[in-house]
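Right, one structure below, let's go through it.
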Amino acid sequence: MRKIGVLTSGGDAPGMNAALRAVVRKAIYHGLEVVGFRRGFHGLIYGEYAPMELGSVADIIHRGGTTLRTARAPEFLEPVGREKALETISASGIDALIVIGGDGSFKGAAALEGAGIQTIGIPGTIDNDIACTEYSIGFDTAVNNVTDAINKVRDTATSHERVYLIEVMGRTTGHIALAAGVAGGAESILVPEVPFELDHVCERLHRGVRRGKLHSIILVAEGVRSAIDIGKQLEDLTKMETRVTILGHLQRGGTPTAFDRMLASRMGAAAVDLLRSGCHGQMVGIEAGQICATPFAEALAQDKPFPMDLYELATILAI
Ligand code: ATP
């Protein structure tokens with residue numbers, strides 16, 4: 001192993017820069033050369049790459065987003081696109097590739113591995129929807145961003161004695177909604193993993209009013225359905241004044257938390273160590289505080305379990 005490549009792909013996640021820094025510096029520490037591909041698989045297809053030095057990753061550990069840029073690259077789904085990517089890989093002279101991204105990016109990485117390229121994945125997505133790792137890079141920052149927003153909405157909700165629905169990201173999963181809902185003390189948390197009756201949500205609202213609550217906050221994961229629709233239905237059913245806030249991309253921005261920077265630094269270094277020890281075709285993860293590795297095929301075949309114990313606790317605490 002003499003030279004490795006690295007790219008960031010899919011949705012950006014705060015902490016990707018810290019992972020990039022760790023990959024580049026750990027590799028150079030061990031005498032390897034590093035090449036950075038820009039805009040995810042797009043850079044592989046169109047030959048956009050450049051050598052990375054120690055200074056290439058200076059002053060980025062605290063920055064959100066990704067300095068290598070990221071993209072969705074639909075061409076990579078086609079054999080022609082993947083063929084071009086293999087030509088670029090060959091021209092760049094790399095012996096292995098580290099892909100930082102979500103499950104879609106890991107499918108791309110697994111396809112490259114299948115074509116004979118030694119590949120390692122680092123989970124970087126705010127959604128935390130990748131199996132075989134308790135956390136993905138960016139999730140903690142997103143949860144903190146949402147919790148901060150809940151605190152702010154709570155001030156106005158109390159002042160006006162209203163019901164507030166806050167719609168959060170997570171694609172088809174409710175991990176962000178659950179974690180931020182618990183941390184922010186939401187009255188109800190609506191997630192795709194747990195079916196719910198609107199009547200029960202109404203009942204919880206009425207119960208809150210009876211015991212003197214000045215406001216209610218309901219977190220809605222985007223994978224459930226539009227918080228605007230749910231808000232209208234709740235207003236019709238309860239006659240309570242409701243407002244909806246859709247946090248959107250605010251959740252993804254800002255400086256990564258210390259947790260995400262630590263996680264990214266450990267995962268980035270572990271990815272280089274795996275390649276140096278001859279392991280590839282795997283994703284890095286963290287379980288019970290320990291860095292681990294799982295073959296792509298095994299990780300991609302599973303859905304990440306939803307923490308029902310935490311969901312039940314949230315329901316009890318918001319009684
Ligand atoms: P996030 O979870 O933040 O959305 P992601 O990595 O899941 O990140 P995707 O848009 O699903 O984001 O995937 C990123 C890129 O990975 C795609 O644009 C495509 O180039 C590649 N990719 C996705 N699925 C596959 C697949 N089945 N085979 C090959 N490449 C894929």
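Where a number appears in this text, it was derived from the coordinates with a stated rule and is not lab data. The model shown is predicted, which means the values in this text are computed figures rather than measured ones. Using ideal geometry, Cβ is built from the backbone for each residue, glycine included, and neighbour counts are taken over all protein chains shown.
What the table shows:
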read-out: Qualifying positions in segment 111-156 - crowded, with 20+ Cβ neighbours inside 10 Å, in contact with a Leu (Cβ under 8 Å, 6 or more places away or on another chain) and hydrophobic (A, V, I, L, M, F, W, C); value: LEU112, ILE117, ILE120, ILE137, VAL146, ILE150
read-out: Residue count, segment 20-74 (criterion: of a type outside the set (A, V, I, L, M), part of a helix (DSSP H, G or I) and buried (at least 16 other Cβ atoms within 10 Å of the Cβ)); value: 8
read-out: Meets criteria (in contact with a helix residue (DSSP H, G or I) (Cβ under 8 Å, 6 or more places away or on another chain) and away from the ligand (no atom under 16 Å from the Cβ)) for VAL99; value: no
read-out: Residue in segment 77-90 that is in contact with a Ser or Thr (Cβ under 8 Å, 6 or more places away or on another chain) and either in a helix (DSSP H, G or I) or away from the ligand (no atom under 12 Å from the Cβ) (or both) present; value: no
read-out: All positions within segment 102-139 that are touching a Phe, Trp or Tyr at 6+ places or on another chain (Cβ under 6 Å), more than 9 Å from the ligand (Cβ to nearest atom) and not small (Gly, Ala, Ser); value: ASN128
